[in-house]
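As structure tokens, the structure follows; a few thoughts come after it.
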Amino acid sequence: MRTPRHRPGRLAATALTVAALLTVAACGGGDEGVDPSTADWPTAITPADAEGEFFVVWTALAENGDDPALATEVERLADQGYEVEPWAPGCQSGAQEDLSALTGLAEPVGVGVAFASAEDAGVFDTRDEGATVSVTTGTWTC
């Protein structure tokens, strides 16, 4: 009986090729290489008009609505075509509790962009160059 000889170099080359293919496949999806200024951005919704659960990408939070950082964030998002105003996360079920635990603010006020689907929220979160504090899901409560 003949014993097969293994070629370590060939095995290593095969492993590297497979690893490279998996890396390319993993990085090939999504919005990589998409110019945010020309891409189709998801349409935001008005939270009070949402039917059932909606998703909010919170981009700024503060202790009160007078914080200048919130006004700056409203302007930044307006430049991207999103009309938002600071609002209380308590108006979305579960959001205030989640954001309070995250930030330590008892009753935060924030700037958040609301979307009808998790997919739209994810696309926005991926393309937006600003900070994301958190993404919350819930129904309108106010």
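The values are calculated or read from the model by the stated rules, or taken from the named source; none is laboratory data. Please read all numbers here as calculations on a predicted model, not as lab measurements. Cβ sites come from the backbone with ideal geometry, for glycine too, and all protein chains shown count toward neighbours.
Here is how the numbers come out for the structure above:
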| quantity | calculated |
| --- | --- |
| Test result for ALA62, farther than 21 Å from THR126 by Cβ, small (Gly, Ala, Ser) and at pLDDT 95 or above | yes |
| Checklist (1) modelled with pLDDT of 95 or more; (2) more than 17 Å from the chain's Cα centre (by Cα) applied to THR43, failing item | (2) |
| Single residue of LEU70, LEU99 found to be under 18 Å from the mean Cα position of the chain (by Cα), modelled with pLDDT of 55 or more and within 22 Å of THR126 (Cα to Cα) | LEU99 |
| Residue match in the range 115-123 (condition: among the charged types (D, E, K, R), out of contact with any Leu (no Cβ under 9 Å at 6 or more places or on another chain) and under 29 Å from ASP40 (Cα atoms)) | yes |
